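Worksheet: one structure, shown below.
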Amino acid sequence: MKEKQPVYFSRELSWVEFNARVLDEALQKDVPLLERLRFLTIVSSNFDEFFMVRVASLKAQCLQNGDARDVAGLTAREQLERISARVQELVKIQYRCLLDDILPGLAKEGLEYIPSAAYLESHVRYLEAFFMNDVFPLLTPLRTSPAGELPSIGNLRLHAAFLLKNNITVPGGPLSSFLEDAGVLGGSSAENEEGVPPIAIVQIPASLPRIVWLPAEGSHRCFTLLDDVVQTFGTRLFPGFSVEETLLFKIARDADFAVDEERDDDFIAAIQEVLVSRQSSVPVRLISSGFSPTILSFLRDSMKLEQSDLYQLNGPIDLSTMAELANADGFDRLRNPVWKNFWPVDVPRDAPLWDELKRTDILLHVPYQAWDPVARFISDAAEDPSVLAIKMTLYRTSGNSPVIKALEQAARSGKHVTVFVELKARFDEERNISWAHRLEECGVIVVHGIARLKVHAKMCLIVRKEQEGIKRYVHLSTGNYNDRTARLYVDMSILTSNLEIANDAALFFNMISGYSAILGTRQLVMAPVEMKSRLISLIEREITRSVPEKPGMIVAKMNSLADPEIIQALYRASTAGVRVLLNVRGICMLVPGIKDMSENITVVSIVDRYLEHTRIVWFANGGSDELFLSSADWMPRNLDRRVELMFPVLQESIRNTIRDILFLYFTDNVKAHYLQSDGSWIRRKPTEGEKRVRVQECLYESEKKRTEMFEKEPQREFIVRRS
């Protein structure tokens, strides 16, 4: 039988469909109102980044090689057309949900949005004073050129545009001629000589909160938006003119810049140039609210955008900045119930971890368990006089990172501290440059990544001098060293003193810090050196060990699946009878359910209150199962263009725990969506009589019960006998 040609979904359209699943959470009536609003803000934020990076890249491809097709068989132009059509559809659903459901629901609960058209006289008095005192001094109205030249319009910055009509009448003379030459006067007409009425653009101040609270009326709280206030009272900016029409808008610009990594003189300066370039690069999307065909047409033509690049909304734009509202005080009843981050019962609370790690490995599963043991692992190392060195990677971290503070303290106390700060972490470049400078000032050896490769691996190595000699302790993780996102992202990490892993960790740091040759590691699997080939060989091994009486099985969890070679290997496994279960949060280019190709493959996606971020892969291996955790998704960028790590879970008890958690994801019937062969995702719901299973809730309740049982156990009494 002739082998079928592999088929794939479009990478970009698959990412759009992930956001459709996020949007679907906002549509669920059993989700609290402010959480539904939060999901709407996430969709807006995701699309901002998507257009700046992926759509910008497709537009560049149209200019460079418009006829080239991706593995899904689509040209860049075809992808752009499909993206625009689908995103326009999703945006309509998003705003229908906001305007017809969420905002009215919030108003009934005592949290009401007052648009400018509904201002009462008391609102007008209050807001006029607020505008003149707090807002007006910050505003700078900028004129546009009749030839279509625009003033500086920053990337993703909210702006108001005003179509003006000249009401100034000045008798003839030098002043009249001067004003006419400047385009301020146009005789009795408001139009300049090109026939375009004067248009002014004002940036909405980002230094002021966008939510403007109105005077309280008992327990009922009302708010409006800063952009509503600027639109309403913006006439104060243009004495002698009347405002005919207004439009709120923001633009997304091309952020798909490569850093000039050949610049030996100053790599940081090269990155800073990229950051500056993002603010004035080519526009790729225009979002607007309000009715002004004149202004909209002017902006479109001036920015050289196509009609498909315009997204006209009938409500507040830039929902991503309304996350502040989701955190409003006094409305806890409209949010999810609080889930605690429990201290892991396996981790000693008050003693350093060194003795415990000599005895056993430790699994940490955030956010069900607290991230604090990781911070304490590093801070203990900083304070411990027996610790000689700390080496670690930093990809993204928080604004007030306890890890950074601990590393600074360690360096000041004379320890040898080496940190690999990835300056090319997109949209975190500025923060990482700041951390790099701070660490260097304290004496930390800072390595700025590797040319043409991002260091995305997550690892920390502690070197300690002990009575028996030098001992090394390692932390390996699927997620970043970020205490803030560790409360929101689901990740796993392992703390270990395993000798082979410690040796591999030392080799890894030597390889990425200097001129060390690529050396073989016994336990750690490194990308881009061998991870892809190792994964494919593990899949092929599963095929060879699969027999009809005992079919092979592969179960994997990741953020995205987009590598054609890995997908082809999974197709071969399915054809050979291997059962493949995939939990993929975002992009999935693999097409399940195709006869004689992928009929043994199931793809499920979970979207819930926590962001699923763990990367796990389990192989049945003929009864000698193996399980790996990883920093890498199965995408070309991770496997071919990033430094990543995949590491085995060697301790059987921990391997069994993770395996049970992994399989639990395929029992969810509340938050799970299943991928169909036509590219659609179907939300699974409990059938009649079926027990309700929500995996994140199950994991939280399990950890809660475990903690409560531990706390109820009678504490052992230790008696100190003196000689």
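Where a number appears in this text, it was derived from the coordinates with a stated rule and is not lab data. Only a predicted model underlies this, so the values are computations on that prediction, with no experimental measurement involved. Note that we place each Cβ from the backbone using ideal geometry, even for glycine, and neighbour counts take in every protein chain shown.
In degrees, nearest 10, range 0 to 90: what is the angle between the Cα axis of helix 402-412 and the longest Cα principal axis of the chain?
Roughly 70 degrees between the two axes.
Cα-based Rg of the chain per 2.2 N^0.38 Å, rounded to two decimals?
My calculation over the Cα atoms of the chain gives 1.07.
Just add up the charged neighbours of GLU542: K/R +1, D/E -1, any other residue whose Cβ is under 14 Å from the Cβ of GLU542.
+3
Within straight cross-link reach of LYS108, meaning Cα distance under 13 Å, which aspartates and glutamates are found once same-chain residues fewer than 8 apart are removed?
List returned: ASP100.
Under a 5 Å amide H to amide H cut-off, with H placed in plane at 1.01 Å, what residues pair with ILE114 once short-range neighbours are removed?
Amide H neighbours of ILE114, under 5 Å, 5+ apart: PHE223, THR224.
Among 592-599, 463-470, how do they line up by average Cβ neighbours within 10 Å per residue, starting with the highest?
Highest mean packing first, the order is 592-599, 463-470.
Run through region 612-652 and list the trypsin sites (Lys or Arg not before Pro) located in a DSSP loop whose Cβ has at most 14 other Cβ atoms within 10 Å.
none
Just from its helices, what would the mean residue ellipticity at 222 nm be for the chain, if runs of 4 or more DSSP H residues each count -39500 (n - 2.57) and the sum is divided by every residue, rounded to the nearest 500 deg cm²/dmol?
-10500 deg cm²/dmol, from helical runs alone.
Expressed as a whole number of Å, what is the distance separating the alpha-carbon centroids of region 589-619 and region 114-149?
49
Skipping prolines and chain starts, which residues have an amide H placed within reach, meaning under 5 Å, of the one on GLY586, given they are 5 or more residues away or on another chain?
Distant-sequence amide H within range of GLY586: SER560.
Report, to the nearest 10°, how far helix 56-65 tilts away from the longest principal axis of the Cα atoms in the chain, using its own Cα long axis and a range of 0 to 90°.
So the inclination is approximately 90 degrees.
Taking the Cα centre of region 459-604 as origin, sum charge times position over the Cβ atoms of Lys and Arg (+1) and Asp and Glu (-1), and report the length of that vector in debye to the nearest 20.
The dipole of region 459-604 has a size of about 240 debye.
Give me the dipole magnitude in Debye, nearest 20, for region 526-711 about the Cα centre, with unit charges on the beta carbon: positive for Lys and Arg, negative for Asp and Glu.
For this selection, approximately 240 debye.
Could you tell me which residue out of THR657, HIS437, TRP634 lies farthest along the dipole of the chain toward its positive end? Charges go on the beta carbon: Lys and Arg +1, Asp and Glu -1, centred on the Cα centre.
Highest projection toward the positive end goes to THR657.
Can you work out the Karplus-derived ³J(HN,Hα) for every residue in region 413-420? Use 6.51 cos²θ - 1.76 cosθ + 1.60 with θ = phi - 60°, whole Hz, and x for glycine or proline.
Whole-Hz 3J(HN,Hα) from phi for region 413-420: 7, x, 6, 7, 10, 10, 10, 9.
To the nearest 20 debye, what charge dipole does region 354-522 have about its Cα centre, counting +1 at the Cβ of each Lys and Arg and -1 at the Cβ of each Asp and Glu?
It works out to roughly 320 debye.
Please say if region 479-628 is rounded, prolate or oblate, where rounded means a/c under 1.5 for a ≥ b ≥ c the square roots of the C-alpha gyration tensor eigenvalues, and otherwise the choice is prolate for a/b larger than b/c and oblate otherwise?
oblate
May I ask which residue of VAL202, TYR395, ALA370 lies farthest towards the positive end of the charge dipole of the chain, with charges of +1 (Lys, Arg) and -1 (Asp, Glu) on Cβ and the Cα centre as origin?
ALA370
Is the C-alpha gyration tensor of region 524-597 telling us rounded, prolate or oblate? Criteria: a/c under 1.5 is rounded; beyond that, a/b larger than b/c is prolate, otherwise oblate.
oblate
Relative to the longest principal Cα axis of the chain, at what angle does helix 293-303 sit, 0 to 90 degrees, rounded to 10?
It works out to around 60 degrees.
Under a 5 Å amide H to amide H cut-off, with H placed in plane at 1.01 Å, what residues pair with THR393 once short-range neighbours are removed?
Residues meeting the amide H criterion: PHE420, MET459.
Tell me, what ³J(HN,Hα) does each residue in region 358-373 have, in order and in whole Hz, if you take phi through Karplus 6.51 cos²θ - 1.76 cosθ + 1.60 with θ = phi - 60° and put x for Gly and Pro?
Working through the residues one at a time gives 5, 8, 7, 7, 10, 9, 10, 10, 8, x, 4, 9, 5, 7, 3, x Hz.
For region 354-522, what class follows from the C-alpha gyration tensor (a ≥ b ≥ c being the square roots of its eigenvalues): rounded when a/c is under 1.5, otherwise prolate if a/b is larger than b/c, else oblate?
Taking the square roots of the gyration eigenvalues as a ≥ b ≥ c, region 354-522 is rounded.
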